[in-house]
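Peer 1: Below: one structure in structure tokens.
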Amino acid sequence: MRKFINKRVSVGFSEQEYRVLRELSEQNGQPMAKIVSELVSTVIPILERMTANLKAVNDAPAAVREGLKNSADSALSEMEKLAEAAFKIHDEFSEELEKSATRGGDFIGARGGDFSSFFEKIESEKPADRASETAKPTPLTNRGVKSSSLGGLADAM
């Protein structure tokens, strides 16, 4: 269990973000603050690595920074493809779960709660095929835009 030290930060949300958090809070009975706190704790390891990477880039000689930027841009592009495929899998799973809920549990009940065949079907498809579909996908990042700034990495260079 996480120990809280009561460090706080004020965070603003768009109308849509707030609506989604409020609805999630109502559906699962958790306060919105706890939901946001759990989301932050989930991404802290990534943010720690990003901080270490930014420090390394900032400490690198100027001549090395351009090569680092190019490598980071290439890696980000590959990671965005993987994230898009993962979000597509989640979207497909969510769609099946919603269908099951409206059919009285046919999807889940037919498999006794075992989703392995669903994931086997998804895994058999090529990630590039799933990522290229034009349905409105789950956003890749919380930055709101695709950017080669790598969360400030390009700015540090």
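The values are calculated or read from the model by the stated rules, or taken from the named source; none is laboratory data. What you are looking at is a predicted structure, and each value in this text was computed from that prediction instead of being measured. Every residue, glycine among them, receives a Cβ derived from its backbone with ideal geometry; neighbour counts consider all protein chains shown. Side chains are part of the model used for accessible areas, which takes the heavy atoms of the whole protein and leaves out ligands, DNA and RNA. Shrake-Rupley method; radii C 1.70, N 1.55, O 1.52, S 1.80 Å.
Peer 1: Assuming R0 = 25 Å, can you tell me the calculated FRET efficiency for the pair ILE46 and GLU120, based on Cβ-Cβ distance, to the nearest 0.05?
Peer 2: After rounding to 0.05, the efficiency reads 0.30.
Peer 1: Keeping all protein chains in place, calculate the accessible area per residue for the range 21-69 (probe 1.4 angstrom), answer in Å².
Peer 2: 72
Peer 1: Here's something else I'd like to know. Can you tell me the length gained on complete extension of the stretch ALA62 to SER94, counting 0.36 nm per residue apart and subtracting the Cα distance?
Peer 2: 6.9 nm
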